[in-house]
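*Asks:* Can you read through this structure? Questions will come right after.
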Amino acid sequence: MKRFIKSLLFFIPVVCFAYILLICVWGEFMPGIFKKNLNYFRAGSYGGMMSRLEEVKTVKNVDILFLGSSHTYRGFDNRIFKKAGFQTFNLGSSAQSPMQTLLLLNRYLDQLNPKTIIYEVYPNSFTSDGIESSLDIIANDKNDFGSIQMALKQNHIKIYNSLIYGFYRDFFNRNKGEKEKKKNGNDTYINGGFLQKDLSYFKHIKYPNNTWNLNGKQWSYFEKILELIKKKNINLILVQTPITPNLYHSFNNNQAFDLKMKSYGTYYNFNDIVSLDDSLHFYDPHHLNQNGVIIFNEKLIEKLFTIKH
Amino acid sequence: MIFNSFDFLFFFASFFILYWFVFVNNLKLQNLLILAGSYFFYAWWDWRFLSLLIASSALNYFLGIYIGKTQNEKHQRYLVLIGIVAGVGTLLFFKYFNFFIDTTTSIFSIFGVQLKLATLQLILPLGISFYTFRSISYLLDVESEKIEPTKDWIVFFSYISFFPSLLSGPIDRAEMLVPQLQKNRTFNYNLASEGMAQILWGLFKKLVIADNCAFVTQAIFENYTQFSASTLLLGSFFYIIQVYADFSGYSDMAIGFAKLLGFRITQNFNYPFFAQNIAEHWQRWHISLTSWMTEYVYTPLSFNFRSLRNKGIIISIIINFILVGLWHGANWTFVVFGLLNGCYFIPLILSGALNKKRTIAKDKLLPSIREIMNMGFTFSIVMLTAIIFGSKNMVEAFGYYSQMCSLSLFTIPPELKSQIILLMLIMLMFSFEWMSRDEQFGLIYFRKKLGRVGRWCLYVGLIFTIGMYMQTNETAFLYFKF
């Protein structure tokens, strides 16, 4: 038994060390096809997160900070808000769930020091596993103890592998000098974090009846976010951005979600406020095209002025 | 609490410490710990069915004692019958009740009689097929005086519920496991380290091969009408590999965990894809079930039909395989699957090649052309028959086959390119298994040949491969539903 325990105690650190080493070598030299569970994507991936996180480090004291999923970075156009006199920054990221929002707030809230936070709430983000968003943040931001905490909470092999590789890249400054193109395919990164899609249209589709799952794991993180924002005395506005009306009305418990959100503070559901068309104002079932963005943002600005006065 | 979960890791680590450090000098307490651990492990899944397991164990324990006590053969037979009826009856109720009702209703509807029989919403108690077969073999072995009935209830209850093999086998015989439970166990370094290696090999097969194959086959089987014939062929290839890697991977882990506790349990797979005919394939596949069926079904049947000579053997084999098929579940697909497998034996019986023993590539690195052709042919029929096994019903199975019968069978499946890595990993698995084909599991050859550094490099490589290529959408072990 003594020999077995001794071997095991020696074997475990050897395995850990060798595993870390192999991940770094694999990440560095192997082509993408061989990296199934190592998802370290930077330039040109996940909706301009690399540019956004690079830019955020240079921004201070904004009027409005936008948080949320891809609906955020594709839905709140900083230029429109600037014209209305608001300095804004968009910290949305792909499939961002409250767990990642909290991590980003812990990293950047003090520096951005916003007067108001507009937090995009989409029912699905409360049930999301947040893996995609975590990978996005690990690959595009400097990793710290918060990243380890996030990885442990999610306990997913892709996150562990990518985090190991991320730490290696950070430690050896392997990402230094990398730049993301402003224009990437149909997407153009706009300073302030917005990602503009070349104008395209969607089509009318009928969806089967559906129900939002309102019992996701992410609610506790959401409440922690609200607590943090309250502690810092920042105005908070919860916003549900528009999705295609056909998709929205296929869900039978929209009101239940609205009621739940209203219980947390100021909340606007723009699916009920603006009148949009599935084809003319969207490029997919739940992302606005630029025509839709303009209508939505102008209406939101109106609401902001109403609150101000 | 599946083997490849953190829950099980914590459970087993705590169990291991108590087993080898706290209760090591007291056999009774060690067995009691096995029993308590097994019940805890079972209750983690569904505590409601724990009472069924306990009741089944208690009944068979007392029956075993009475069978041993009575000298009257008739009484012995009645007691065995009570055990079989109780075990099979419970199995029939939970597993086959709805199947029986549906079939009866369908048969009557053919004759224009519309029966309104209600089916029940039954949950299949996990592992019931496995522990029922274990109990029955115990009673039959006691009756035939192959083994003495055990009077130690802790030993007997531990034998029935031994947690490494409780949920998906192997179906250990009492003559194998009970004596090990009755004698003091000392920690054996070589056995334990071999167990660790076998668990690692099982994990590789389950997480990397089976789960990745499942990801592909699920999509193909559920939408088979949308794919080309060659893709369906590829799907059937991945499906048979999935079933093998999933079940043999589970068995490897079960055997490995048992070795860590100082037990040697039944080998369940012996590289079935290296078999050169279907008879050999079934001697190598799910060995604990096929040997059980051979001993308690096929042998008595063929004895009764011995006057019919070859016809008798054919009938016995076909009945045997229909029952093997039905053991997997209440569905006509399993009946047809069993029937077909039984029929594949007919040419072997008629040519007298049924019991011919052949060792593949004996003392050679590679098989001969003839052996490759035999293996390829056997694999092909097993693979094509498995389509029935994997289909939800016979209509879907026929649909799958008819979709496969088109000229697009001779095209390169478009999905092949995205599955190159998986194919490479399958090749890797078979290469390891080929090298270890005379041993118990795929890593043994290299464990013996390599020094400590080499072995550790091999383990690190496997752990890394698991980390890099495991399927992240967790899938349950296939044989849990049987």
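*Asks:* Test residue B:36 against the stated conditions and say whether it is without any contact (Cβ under 8 Å) to a residue 12 or more places away in the chain, assigned to a helix (DSSP H, G or I) and within 14 Å of chain A (Cβ to nearest Cβ).
*Replies:* Judged against the criteria, residue B:36 is not a match.
*Asks:* Could you pull out every one of the helices (runs of 4 or more DSSP H) wholly within the stretch A:1-81 that has 1 or more residues that are more than 30 Å from residue B:19 (Cβ to Cβ) and within 14 Å of chain B (Cβ to nearest Cβ)? Break it down stepwise before answering.
*Replies:* On the way: elements: A:2-29, A:49-56, A:70-73.
Output list reads A:2-29.
*Asks:* Only one of these is assigned to a helix (DSSP H, G or I), within 28 Å of residue B:256 (Cα to Cα) and acidic (Asp, Glu): B:396, B:371, B:433, B:439. Name it.
*Replies:* Numbers: B:396 fails: within 28 Å of residue B:256 (Cα to Cα); B:371 fails: within 28 Å of residue B:256 (Cα to Cα); B:439 fails: assigned to a helix (DSSP H, G or I).
Every option except B:433 fails the conditions.
*Asks:* Among the residues of the stretch A:221-257, count how many are in contact (Cβ under 8 Å) with a residue 40 or more places away in the chain and more than 18 Å from residue A:274 (Cβ to Cβ).
*Replies:* At the first step, the residues of the stretch A:221-257 found to be in contact (Cβ under 8 Å) with a residue 40 or more places away in the chain are A:221-222, A:224-225, A:228-229, A:232, A:234-244, A:246-247, A:250-254, A:256-257.
Still in the running and more than 18 Å from residue A:274 (Cβ to Cβ): A:221-222, A:224-225, A:228-229, A:232, A:234-236, A:250, A:252-253, A:256.
The number of residues fulfilling the criteria is 14.
*Asks:* Can you tell me which residue is farthest from residue A:305 (Cα to Cα) among those in the stretch A:186-231 that are among the basic types (Lys, Arg) and assigned to a helix (DSSP H, G or I)?
*Replies:* Residues of the stretch A:186-231 among the basic types (Lys, Arg): A:197, A:203, A:206, A:217, A:224, A:230-231.
Filter once more, so that each one left must be assigned to a helix (DSSP H, G or I): A:224, A:230-231.
Working: A:224: 28, A:230: 21, A:231: 24 Å.
Residue satisfying both the conditions and the ranking: A:224.
*Asks:* Follow-up question, since we're still on this one. Can you tell which of B:480, B:430, B:464, B:379 is at pLDDT below 95 and out of contact with any strand residue (DSSP E or B) (no Cβ under 9 Å at 6 or more places or on another chain)? Break it down stepwise before answering.
*Replies:* Working: B:430 fails: at pLDDT below 95; B:464 fails: at pLDDT below 95; B:379 fails: at pLDDT below 95.
Checking each option against the conditions leaves just B:480.
*Asks:* Where the second residue is in a helix (DSSP H, G or I) and the first is in contact (Cβ under 8 Å) with a residue 12 or more places away in the chain and lies in the stretch B:101-118, which pairs have Cβ atoms under 8 Å and are six or more apart or on separate chains?
*Replies:* Pairs found: B:117/B:101; B:117/B:104; B:117/B:105; B:118/B:101.
*Asks:* If residue B:222 satisfies all but one of (1) buried (at least 24 other Cβ atoms within 10 Å of the Cβ); (2) at pLDDT below 95, what's the number of the condition it fails?
*Replies:* In the conditions (1) buried (at least 24 other Cβ atoms within 10 Å of the Cβ); (2) at pLDDT below 95, residue B:222 misses (1) alone.
*Asks:* Right, next: Within the stretch A:177-218, restricting attention to residues that are loosely packed, with under 12 Cβ neighbours inside 10 Å and small (Gly, Ala, Ser), which residue is nearest to residue A:238 (Cα to Cα)?
*Replies:* Looking at residues that are loosely packed, with under 12 Cβ neighbours inside 10 Å and small (Gly, Ala, Ser), I get A:200.
*Asks:* Here's another thing I want to ask about it. Listed residues B:403, B:471, B:440; which is touching a residue at least 40 places away in the same chain (Cβ under 8 Å), of a type in the set (S, T, N, Q) and within 14 Å of chain A (Cβ to nearest Cβ)?
*Replies:* Values: B:403 fails: within 14 Å of chain A (Cβ to nearest Cβ); B:440 fails: within 14 Å of chain A (Cβ to nearest Cβ).
Only one candidate passes the filter, namely B:471.
*Asks:* Would you mind finding the one in A:278, A:272 that is surrounded by fewer than 17 Cβ atoms within 10 Å (Cβ to Cβ) and under 30 Å from residue A:197 (Cα atoms)? Steps first, answer last, please.
*Replies:* Values: A:278 fails: surrounded by fewer than 17 Cβ atoms within 10 Å (Cβ to Cβ).
Answer to the selection: A:272.
*Asks:* Of all residues in the stretch B:178-190, count the ones that are facing chain A (nearest Cβ under 10 Å) and either surrounded by 12 or more Cβ atoms within 10 Å (Cβ to Cβ) or touching a Ser or Thr at 6+ places or on another chain (Cβ under 9 Å) (or both).
*Replies:* Count: 3.
*Asks:* Let me ask another. Kindly indicate the residue of the stretch A:142-174 that is aliphatic (A, V, I, L, M) and without any contact (Cβ under 8 Å) to a residue 24 or more places away in the chain and also nearest to residue A:57 (Cα to Cα) among those meeting that condition. Walk me through how you get there before you give the answer.
*Replies:* First, the residues of the stretch A:142-174 that are aliphatic (A, V, I, L, M): A:148, A:150-152, A:157, A:159, A:163-164.
Filter once more, keeping what is without any contact (Cβ under 8 Å) to a residue 24 or more places away in the chain: A:148, A:151-152.
Details: A:148: 21, A:151: 23, A:152: 26 Å.
For the stretch A:142-174, the residue satisfying everything is A:148.
*Asks:* If residue B:214 passes every condition in (1) among the hydrophobic types (A, V, I, L, M, F, W, C); (2) over 30 Å from residue B:416 (Cα atoms); (3) touching a residue at least 24 places away in the same chain (Cβ under 8 Å); (4) more than 14 Å from chain A (Cβ to nearest Cβ) but one, which one does it miss?
*Replies:* It fails just one condition, (2).
*Asks:* Of the conditions (1) of a type outside the set (A, V, I, L, M); (2) buried (at least 19 other Cβ atoms within 10 Å of the Cβ); (3) over 30 Å from residue B:408 (Cα atoms), residue B:237 fails just one. Which one is it?
*Replies:* Tallying (1) of a type outside the set (A, V, I, L, M); (2) buried (at least 19 other Cβ atoms within 10 Å of the Cβ); (3) over 30 Å from residue B:408 (Cα atoms), residue B:237 fails exactly one: (3).
*Asks:* Residue pairs, Cβ under 8 Å, 6 or more apart or interchain, first in the stretch B:350-371 and within 19 Å of residue B:310 (Cα to Cα), second polar (S, T, N, Q) and surrounded by 10 or more Cβ atoms within 10 Å (Cβ to Cβ). List them.
*Replies:* From the stretch B:350-371, the pairs are B:350/B:310; B:353/B:277.
*Asks:* Quick one: what pairs do we get from the stretch B:408-425, first residue free of Cβ contacts under 8 Å to residues at least 24 places away in the same chain and basic (Lys, Arg), second surrounded by 12 or more Cβ atoms within 10 Å (Cβ to Cβ) and assigned to a helix (DSSP H, G or I), C-beta under 7 Å, 6+ apart or different chains?
*Replies:* none
*Asks:* Against the condition farther than 17 Å from residue A:53 by Cα, surrounded by 13 or more Cβ atoms within 10 Å (Cβ to Cβ) and within 14 Å of chain B (Cβ to nearest Cβ), how does residue A:221 come out, does it pass?
*Replies:* On the way: farther than 17 Å from residue A:53 by Cα: yes; surrounded by 13 or more Cβ atoms within 10 Å (Cβ to Cβ): yes; within 14 Å of chain B (Cβ to nearest Cβ): no.
So residue A:221 does not fit the description; no.
The values are calculated or read from the model by the stated rules, or taken from the named source; none is laboratory data. Bear in mind the structure is a predicted one, so any value in this text is a computation, not a measurement. Using ideal geometry, Cβ is built from the backbone for each residue, glycine included, and neighbour counts are taken over all protein chains shown.
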